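Novice: First the structure, then my questions, so here it is.
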Amino acid sequence: MVATVVIGAQWGDEGKGKVVDLLGKDHPTVVRFHGGNNAGHTLVVNGKKHVLHLLPSGIIRSGTTNIVGPGVVCDLPVLVAELQIAAEHNSSMYLDEHAAVILPHHIQIDQLREQRAGKVGTTGRGIGPCYEDTVARRGVKLRDLKNEERLRKTLTRGDYYGERCALVRHLGDSFIPLHDLVGWCLSFQEKIVPYLADTRALIAEKMTAGETILFEGAQGVLLDVMQGALPYVTSSICTVAGVSSTFGLYAFERVIGVAKAYLTRVGEGPFPTELSPDASERLRTAGGEYGATTGRPRRCGWLDLVALRYAIRMGGITELFLTKLDVLSGYGMIPVCTQYMQGGTSLSTETTLTCPILEQITPRYAELPGWSEDITNCRVEADLPKNAREYIAFIEKETQTPITALSVGPERSQIIFRT
Ligand code: IMP
């Protein structure tokens, strides 16, 4: 039984959607296993841009089977809109009955908390409050949309509705009446219930029949709720453990970590290799670094190999896909962080990258020679300028992890395979 997993090896936005779309050619089934519509996967196919937030990137490839697993949190209007896109592309869809529903008050709570001191810079999509309910063994699941009585029971069990009302009021807003909340949920019934399934059983059957399933991650290891630098993280498991915990799978053929050739971050939190606003702007413009979900300008910086090594170790990554190498064209010299210095000594590679650590260290850089050529038309590694090839080799050597593919532009055709 084998599976391929694609996860982000940085702070998200590494270009995972493109990688999943490409691997979809050899994987008939693609599964989204965590997160919600905080993600934004941008795909360019035949010059047409698609931005997906919730459904697997496989839906753009006609004939694939796409699955939303039990660890995903679902915004119902977004779900319905993307189911429509899947139907237009002739892709079949299954939604796990146990996937959680993001209710209007989750979004209210998320946004109201962000207006207070100590904000995390969330996407404001209700992700954290929805996962809080899941861990607290409450909240609405997709299966509750099947009938009104069941839905009401879930909303009122253990005074769930009353408690959430009190919290929203405490944060300074008013709450949607129970009757309206029930009606709102049921308004999606017809469009969603036909897709509900026991996806764990479905995947087990496919694997027993010999199929290799492709699992698509969202966000990245540095935003993982357990391995990331709290509190500036998302609320789900972004490592390969997210597949294990939701599907009971523990052996993987490939765990592909997707990393940009430089680094970006959205939201608050430490970012050791962050550039000054002016220098950041050059990378942001060249790389189109604006959030696909919120449109926020992304913070930009140089590649951080200490953070990447940590993500490889904590994420269970066995190989890397390096994206957006073309964006670095035109730099005479490219700094790459190879060490964190703390009080005059190099930080041990085993150190957990917590917030206090990331805030204390000073990055130390190697300076690699850049290249001036436009590389967007390169299709094999030998076409790349020597310094670009050496940049890739340096990352491989420093991370002790093979880079099996790289991208030089957003199109399917702009991926160079190295194996
Ligand atoms: P949340 O996931 O909306 O709760 O946001 C928590 C943190 O994760 C914030 O810093 C967000 O900017 C970040 N985040 C969530 N999803 C993504 C993503 O898909 N790409 C990059 N950052 C993300």
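Novice: Going down the table (Lys18/Lys48; Lys146/Lys191; Lys16/Lys48; Lys16/Lys141), which pairs top 20 Å between alpha carbons?
Specialist: Too far apart for the 20 Å limit: Lys16/Lys141.
Novice: Hey, another quick one. For the chain, report the accessible area per residue in Å² (1.4 Å probe, heavy atoms, rounded to an integer).
Specialist: That works out to 40 Å² for each residue.
Novice: A follow-up question, please. As an exercise, find the ratio Rg/Rh for the stretch 235-310 from alpha-carbon atoms, using the Kirkwood inverse-distance average for Rh.
Specialist: That ratio equals 1.06.
Novice: Would you mind estimating how fast the stretch 21-176 diffuses translationally, via Stokes-Einstein at 20 °C and 1.002 mPa s with the Kirkwood radius over Cα pairs, in µm²/s?
Specialist: 128 µm²/s
Novice: Okay, moving on. For n ≥ 4 DSSP H runs only, could you compute -39500 (n - 2.57) per run for the chain, divide by its residues and tell me the 222 nm figure to the nearest 500?
Specialist: Using -39500 (n - 2.57) per qualifying helix, the result is -9000 deg cm²/dmol.
Novice: By the scheme Lys and Arg +1, Asp and Glu -1, what is the net charge of all other residues having a beta-carbon under 12 Å from that of Ile415?
Specialist: Neighbour charge sum, excluding Ile415 itself: +2.
Novice: If each Cα of the stretch 309-360 is one equal point scatterer, what is log10 of I(q)/I(0) from the Debye formula at q = 0.15, 0.21 Å⁻¹?
Specialist: Those come out to -0.65, -0.98, one per q.
Novice: A further question on this structure: How far apart, in nm, are two points set 7 Å out from the Cα along the Cα-to-Cβ line at Gln115 and at Ala197?
Specialist: 4.2 nm
Novice: Which value, in Å to one decimal place, does the Kirkwood hydrodynamic radius take for the stretch 271-419 when every pair of different Cα atoms is included?
Specialist: 16.5 Å
Novice: Counting just the Cα atoms, what span does the stretch 139-183 cover along each of its three principal axes? Round to the nearest Å and put the largest first.
Specialist: 33, 20, 14
Novice: Something else now. Using only Cα atoms, what is the ratio of the radius of gyration of the stretch 109-200 to 2.2 N^0.38 Å? Intermediate results must be reported in sequence, preceding the final value.
Specialist: On the way: Rg = 14.6 Å, N = 92, 2.2 N^0.38 = 12.3 Å.
Its radius of gyration relative to the 2.2 N^0.38 Å reference: 1.19.
Novice: For Arg150 paired with Thr42, estimate the spin-label separation in nm (one decimal), with each label point 7 Å from Cα along the Cα-to-Cβ line.
Specialist: In this crude spin-label approximation the distance works out to 4.0 nm.
Novice: When the chain is treated as a GNM, springs tying every alpha-carbon pair under 10 Å, which of Pro363, Pro402, Pro177 comes out with the largest mean-square fluctuation?
Specialist: Pro177
Novice: What number in nm² do you get for the chain if you take the convex hull of its Cα atoms and divide its surface by four?
Specialist: Result: a mean projected hull area of 20.2 nm².
Novice: In whole angstrom, how far apart do the alpha carbon centroids of the stretch 55-122 and the stretch 163-193 sit?
Specialist: What the calculation gives is 17 Å, centre to centre.
Novice: Compute the acute angle (0 to 90°) between the alpha-carbon long axis of helix 305-315 and the principal axis of greatest extent of the alpha-carbon atoms of the chain; round to the nearest 10°.
Specialist: 40 degrees
Novice: Could I ask something else about it? I'd like the carbon and sulfur percentage of the solvent accessible area for the chain, probe radius 1.4 Å, heavy atoms only, ligands and nucleic acids excluded.
Specialist: Taking all protein chains in place, the chain shows 52 percent carbon and sulfur surface.
Novice: To the nearest µm²/s, what D does Stokes-Einstein give for the stretch 335-419 at 25 °C and 0.890 mPa s, using the Kirkwood radius over alpha carbon pairs as Rh?
Specialist: Rounded to a whole number, D works out at 162 µm²/s.
Novice: Angle between the Cα long axis of helix 76-88 and the longest principal axis of the chain, 0 to 90 degrees, nearest 10?
Specialist: Taking the Cα atoms of the chain, the angle to 76-88 is about 70 degrees.
Novice: A further question follows. Using the 2.2 N^0.38 Å rule of thumb for compact globular proteins, work out how the stretch 1-98 stacks up: its C-alpha Rg over that value, please.
Specialist: 0.99
The values are calculated or read from the model by the stated rules, or taken from the named source; none is laboratory data. Computed from a predicted structure; not experimentally measured. With ideal geometry, Cβ positions are generated from the backbone for all residues, glycine too; neighbour counts draw on all protein chains shown. Areas reflect the complete protein model, heavy atoms only, side chains present, ligands, DNA and RNA absent. Shrake-Rupley method; radii C 1.70, N 1.55, O 1.52, S 1.80 Å.
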